[in-house]
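Written out below as structure tokens is the structure these notes cover.
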Amino acid sequence: MSQYQDDIKAVSVLKAQQGSAWNAINPESAARMRAQNKFKTGLDIAKYTARIMRADMAAYDLDPSKYTQSLGCWHGFIGQQKMISIKKHFNSTDRRYLYLSGWMVAALRSEFGPLPDQSMHEKTAVSALIRELYTFLRQADARELGGLFRQLDAAASAADKAAIQHKIDHHVTHVVPIIADIDAGFGNAEATYLLAKQFIEAGACCIQIENQVSDEKQCGHQDGKVTVPHEDFLAKIRAIRYAFLELGVDDGIIVARTDSLGAGLTKQIAVTNAPGDLGDQYNAFLDCDEVSADALGNGDVILKRDGKLLRPKRLPSNLFQFRPGSGEARCVLDCITSLQNGADLLWIETEKPHIGQIGGMVREIRKVMPNAKLVYNNSPSFNWTLNFRQQVYDAWKAEGKDVSAYERAQLMSAEYDATDLAQQADEKIRTFQADAAREAGIFHHLITLPTYHTAALSTDNLAKEYFGDQGMLGYVAGVQRKEIRQGIACVKHQNMSGSDLGDDHKDYFSGDAALKAAGKDNTMNQF
């Protein structure tokens, strides 16, 4: 017996108990509404998706070809369309997630208008977006099931009805894990805990937090990043874990992000109680000059290490400077420390997509934490074409191949597009995720800002055609005709916005008196 049939029976029993007052209630209609609303709360979603993500992590440990992917979202509709498209093309949502980018919330969702990625936007906008994403994904379920119910009603034979009923009983939800960006926690550990609870209550099973100073936070691909001592960061990791535990999401996932590779500054000198402790290891990376007691200046900060007096280099901003070239070693220490203290996954923000660089750090981490796994930002901030063409160029040169036909600094030029070098670079880009999953421990690949760029590109193309000499053909040929021929659900935009769902409910609520939108005069019938 299916859940759908069980619900029909359960509501039938309730109806009988209520007597004539419930005569107009149709148990099958109620069962359909239950099926279309599988997840009643955000916590239901968080628990369900955490189980999916944990299973995916275990599968990756056994087989690194089983890596996962996501694309960043800034609106519920964008997330919904991604999952509808994934189901349409692959008949499954397996190992495909959504990513919620703090950058896109800042740039596109703040009441202040577009902001840089510096934690200046309203922090509640992030949890609101999680809730919005899941609202749209749940509506996608309801819409798809509504179509199946209408097919069930129209089926002519018992065999047809059984086939459609099977699809209903085995419906694959559009609800998938969201990796949600909490920036640097938007304040102290208590603030991080409070916001994490909002994330989880909205449905997030996975929260990503970075080791920058909260009030100095910068985008990971910009300069001026400032990190915090490990104990400060670990307090926020613990705060998130307590939030998961308080809300009963016992297998919630924490992604610990280190920005140390590109962060040359710290706001604090770490507390240290003994040589070699965590604070001492953090301070060992500071760029210091050895000084004598009589050479100290007014207000100098002094460290004592191995019997020597050391003066950390302090900038006019009152920030302290790390030794140049220490970034990779700091990343490795950050990652090991995070995993040893409650994080589940790592994120190393890099300045370029280079498997050798990432894999080198992961190998060092895995000497201590063998199951270390990464979430990696396949960032639009990288010039992928130029980076990979230069990587091929450098490899060929090292192998002694003749590269005299190429100008390394100009490899982005379209004149190279048809060359062997460009084609090899494109193949490396195509296989980058699979190669990095196998060779660099990357469990999850994401693109942070894809639809920010696709929206700009498609709008530019439409504006050029529509406001130019193509007029309406610019829209019809460039958009609608492609929607129809590619089977894009949104071509029936009334259906996508919930019109047919509303008609179903009108039928349930008002019966023959229902005034429905989907009659013969609905222009959506043209599609």
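The values are calculated or read from the model by the stated rules, or taken from the named source; none is laboratory data. Fair warning: this is a prediction, and the values are worked out from it, not measured in the lab. Methodologically, a virtual Cβ is constructed for each residue, glycine included, from the backbone with ideal geometry; neighbour enumeration extends over all protein chains shown.
Odds and ends about this structure:
- Looking across ALA46, ALA16, ALA21, ALA50, one residue alone is among the hydrophobic types (A, V, I, L, M, F, W, C), closer than 26 Å to LEU446 by Cβ and out of contact with any helix residue (DSSP H, G or I) (no Cβ under 6 Å at 6 or more places or on another chain). It is ALA50.
- One residue stands out in region 368-385 among those that are of a type in the set (A, V, I, L, M, F, W, C) and touching a helix residue (DSSP H, G or I) at 6+ places or on another chain (Cβ under 9 Å): the one that is farthest from ALA256 (Cα to Cα), namely TRP384.
- Any pair with Cβ under 8 angstrom, 6 or more apart, that starts in region 288-309 at a residue that is within 23 Å of ALA274 (Cβ to Cβ) and not assigned by TED's automatic domain parsing to the domain that holds PRO275 and ends at one that is surrounded by 10 or more Cβ atoms within 10 Å (Cβ to Cβ) and among the polar types (S, T, N, Q): LEU303/ASN283; ARG305/ASN283
- Selection count, region 104-118, where residues are part of a loop (DSSP other than H, G, I, E, B) and under 17 Å from the mean Cα position of the chain (by Cα): 2
- Meets criteria (surrounded by fewer than 18 Cβ atoms within 10 Å (Cβ to Cβ) and under 30 Å from ILE130 (Cβ atoms)) for ASP6: no
- Subset of region 174-188 (residues that are on the phi < 0 side of the Ramachandran plot and either surrounded by 19 or more Cβ atoms within 10 Å (Cβ to Cβ) or outside the structural domain of ALA243 (by TED's automatic domain parsing) (or both)): HIS174, VAL175, VAL176, PRO177, ILE178, ILE179, ALA180, ASP181, ILE182, ALA184
- Checked against the criterion of being touching a Cys at 6+ places or on another chain (Cβ under 6 Å) and more than 26 Å from GLN433 (Cα to Cα), the candidates LEU319, LEU265, LEU286, LEU310 yield just one match: LEU310.
- GLN151 vs. criteria out of contact with any Lys or Arg (no Cβ under 8 Å at 6 or more places or on another chain), surrounded by 14 or more Cβ atoms within 10 Å (Cβ to Cβ) and farther than 22 Å from MET120 by Cα: yes
- Residue identified as modelled with pLDDT under 95, in contact with a helix residue (DSSP H, G or I) (Cβ under 8 Å, 6 or more places away or on another chain) and among the hydrophobic types (A, V, I, L, M, F, W, C) among MET412, MET472, MET496: MET496
- Subset of region 253-292 (residues that are in contact with a Phe, Trp or Tyr (Cβ under 6 Å, 6 or more places away or on another chain), among the β-branched types (Val, Ile, Thr) and within 14 Å of VAL226 (Cβ to Cβ)): THR266
- Meets criteria (surrounded by 14 or more Cβ atoms within 10 Å (Cβ to Cβ), in a helix (DSSP H, G or I) and of a type outside the set (A, V, I, L, M)) for ASP294: no
- Of everything in region 316-361 that is outside any helix (DSSP H, G or I) and polar (S, T, N, Q), the residue that is surrounded by the most Cβ atoms within 10 Å (Cβ to Cβ) is THR350.
- SER92, sole failed condition from (1) touching a residue at least 24 places away in the same chain (Cβ under 8 Å); (2) in a helix (DSSP H, G or I): (2)
- For region 9-49, a residue qualifies if it is among the aromatic types (Phe, Trp, Tyr) and crowded, with 17+ Cβ neighbours inside 10 Å, and the qualifying residues are PHE39, TYR48.
- Counting only helices (runs of 4 or more DSSP H) that sit completely within region 407-522, those holding 3 or more residues that are surrounded by 12 or more Cβ atoms within 10 Å (Cβ to Cβ) and in the same structural domain as ALA106 (by TED's automatic domain parsing) correspond to 420-430, 432-439, 450-466.
- Flag if GLN357 is under 29 Å from CYS288 (Cβ atoms), out of contact with any helix residue (DSSP H, G or I) (no Cβ under 9 Å at 6 or more places or on another chain) and among the polar types (S, T, N, Q): no
- Exclusive hit being within 29 Å of GLN69 (Cβ to Cβ) and not in a helix (DSSP H, G or I), set ALA184, ALA243, ALA156, ALA196: ALA184
- LEU261 meets all of the listed conditions (1) out of contact with any helix residue (DSSP H, G or I) (no Cβ under 7 Å at 6 or more places or on another chain); (2) more than 16 Å from PHE199 (Cα to Cα) but one, namely (1).
- Any hit, region 263-280, residues being under 30 Å from ILE178 (Cα atoms), in contact (Cβ under 8 Å) with a residue 60 or more places away in the chain and out of contact with any strand residue (DSSP E or B) (no Cβ under 9 Å at 6 or more places or on another chain): no
- Leading residue by the ranking (nearest to THR451 (Cα to Cα)) among those in region 371-390 that are more than 20 Å from the chain's Cα centre (by Cα) and not in a helix (DSSP H, G or I): ASN383
- Cross-chain or 6+ apart pairs with Cβ under 8 Å, region 342-367 first and farther than 14 Å from LEU261 by Cα, then surrounded by fewer than 22 Cβ atoms within 10 Å (Cβ to Cβ) and of a type in the set (Phe, Trp, Tyr): ILE355/PHE432
- Some residue of region 270-282 being of a type in the set (Phe, Trp, Tyr) and more than 18 Å from ASN341 (Cβ to Cβ): no
- Failed item, numbered, when ARG257 is tested on (1) buried (at least 16 other Cβ atoms within 10 Å of the Cβ); (2) outside any strand (DSSP E or B): (2)
- Residue under evaluation GLU364, criteria (1) of a type outside the set (A, V, I, L, M); (2) closer than 26 Å to ASP394 by Cβ; (3) part of a helix (DSSP H, G or I); (4) modelled with pLDDT under 95, criterion not met: (4)
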